[in-house]
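Visitor: Okay, here's the structure, questions in a sec.
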Amino acid sequence: MLKPVLHAFQMFLKGATGKDRQAKHHLSDHLFKVQVAYDQLQQQFDQLQLENERLLKTTDDLEKQLQRNQTELEELITLADTDAKFLISENQSLQLRLRDSEDEKESLQVARGQLLGRVAVLERQLDLEGYRTGNGQATANRAELGSVEAADFSEVSLANISLALVGGHETTYREVRKALRQYGLKRCIHVPPHSIASNSRQQIKDKIGNCDLVVTITSYVDHSVSKCVKQLKDAQLLAGECIRVSCHGKSGLVREVLQYFAEPAATI
C-alpha cells in the first residue's frame with residue numbers, strides 16, 4: 001500500500017534541483033527512514049501471517065481432537081447406559097430370587113414347626129406309654145443298665161433334677177434320657193457339637209443356665225463349646241454344677257450321672 005506513494009516521492013526527488021537540493025537531502029533521509037520502517041512493518045506482517053497460519057492449524061487440530069473426544073465420550077455414555085440397564089435387570093432378577101428364597105425359607109420353617117410338633121406329640125405318647133407300663137417295665141429297663149448300676153444306684157431319685165448333656169451324638173442323648181427316666185428324670189437338655197448344630201454363647205446359656213447338672217462329654221464335643229461352658233461356669237452364670245466325663249456311650253454316661261447324685265463328684 002505504501003509502495004506507490006514511496007515510488008512517486010522518489011521520482012519527485014530525482015526531479016528536484018538547485019534550491020531544492022537541501023530539501024532533497026532532507027527528504028532523502030526521511031525517505032530512508034520511512035523505507036526502514038516499511039521493511040520492519042513488512043517483516044512484522046510476515047511474522048504475524050505465519051503466526052496466524054500456525055494458530056489456524058492449531059485450532060484445526062484442537063477441533064479435530066475435540067471431535068474425537070466427543071465421539072469417544074458418546075461411545076462411553078452408550079456403554080455406560082447399556083451396563084446400567086444390564087445391572088438394573090440383574091438387580092431385579094436377584095430381588096426376585098431373594099423373594100423366592102424367603103418364601104422357601106418360610107415354607108421350610110413351617111414344615112420344621114409341623115415336624116417338631118409331631119415329634120413332641122410322639123414323645124408325649126411315649127412318655128404316657130412308659131408311665132402306663134408301671135414298675136414292672138421300669139425294673140426291666142433298669143436291668144438293661146447292667147447289674148452294677150441296678151445294685152449301686154437303685155435308691156437314686158432324679159425326680160426333681162434338670163440335666164444337660166454337652167456334646168455327644170443325638171442317638172446317645174436319646175438313649176441316656178430314656179434310661180434316666182426310669183430314675184424319675186423329667187428334663188434333659190442336649191447341646192450338640194458345632195459340627196451338628198451351631199449354638200451361640202447366649203443360646204448355650206439359655207439352654208443350660210438353670211440345669212442342676214451339666215455333663216460335658218470331652219471325647220465328643222468341640223473345644224469352643226467346652227470352653228464356652230467353662231466360661232459360663234467361671235462367670236457364675238450357671239445355676240447348677242458341671243462335670244467333665246471322657247466316656248461317650250450310654251452306659252458310661254448313665255453311670256457317671258447316677259454316681260454324681262449317689263455320691264457328689266468334684267466340680268469344675
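Visitor: Give just the number: which of (1) modelled with pLDDT of 90 or more; (2) under 34 Å from the mean Cα position of the chain (by Cα); (3) open to solvent by 20 Å² or more (accessible area, probe 1.4 Å) does Val191 not satisfy?
Guide: (3)
Visitor: So which residues in segment 253-268 are open to solvent by less than 20 Å² (accessible area, probe 1.4 Å) and either within 21 Å of Ile204 (Cβ to Cβ) or modelled with pLDDT under 90 (or both)?
Guide: Across segment 253-268, the qualifying residues are Leu253, Val257.
Visitor: State whether one or more residues within segment 141-154 are modelled with pLDDT of 90 or more and open to solvent by 40 Å² or more (accessible area, probe 1.4 Å).
Guide: no
Visitor: If only one of Thr172, Thr216 is within 18 Å of Gln259 (Cα to Cα), touching a residue at least 24 places away in the same chain (Cβ under 8 Å) and either open to solvent by 20 Å² or more (accessible area, probe 1.4 Å) or under 34 Å from the mean Cα position of the chain (by Cα) (or both), which one is it?
Guide: The unique qualifying residue is Thr216.
Visitor: Then there is this: Yes or no: Asp60 at pLDDT 85 or above, open to solvent by less than 100 Å² (accessible area, probe 1.4 Å) and not polar (S, T, N, Q)?
Guide: Judged against the criteria, Asp60 is a match.
Visitor: Just for segment 198-213: of the residues that are out of contact with any Phe, Trp or Tyr (no Cβ under 9 Å at 6 or more places or on another chain) and open to solvent by less than 40 Å² (accessible area, probe 1.4 Å), which one is nearest to Leu237 (Cα to Cα)?
Guide: That would be Gly209.
Visitor: Let me ask another. Here is a check on your reading of the model: is Leu232 crowded, with 20+ Cβ neighbours inside 10 Å and either within 38 Å of the chain's Cα centre (by Cα) or not aromatic (Phe, Trp, Tyr) (or both)?
Guide: It is false that Leu232 is crowded, with 20+ Cβ neighbours inside 10 Å and either within 38 Å of the chain's Cα centre (by Cα) or not aromatic (Phe, Trp, Tyr) (or both).
The values are calculated or read from the model by the stated rules, or taken from the named source; none is laboratory data. The shown structure was predicted, so the numbers you read here are calculated from the model rather than taken from an experiment. Virtual Cβ from ideal backbone geometry, glycine too; neighbours counted across all protein chains shown. Quick note on the areas: whole protein, heavy atoms, side chains included, nothing else; ligands and nucleic acids left out. Shrake-Rupley method; radii C 1.70, N 1.55, O 1.52, S 1.80 Å.
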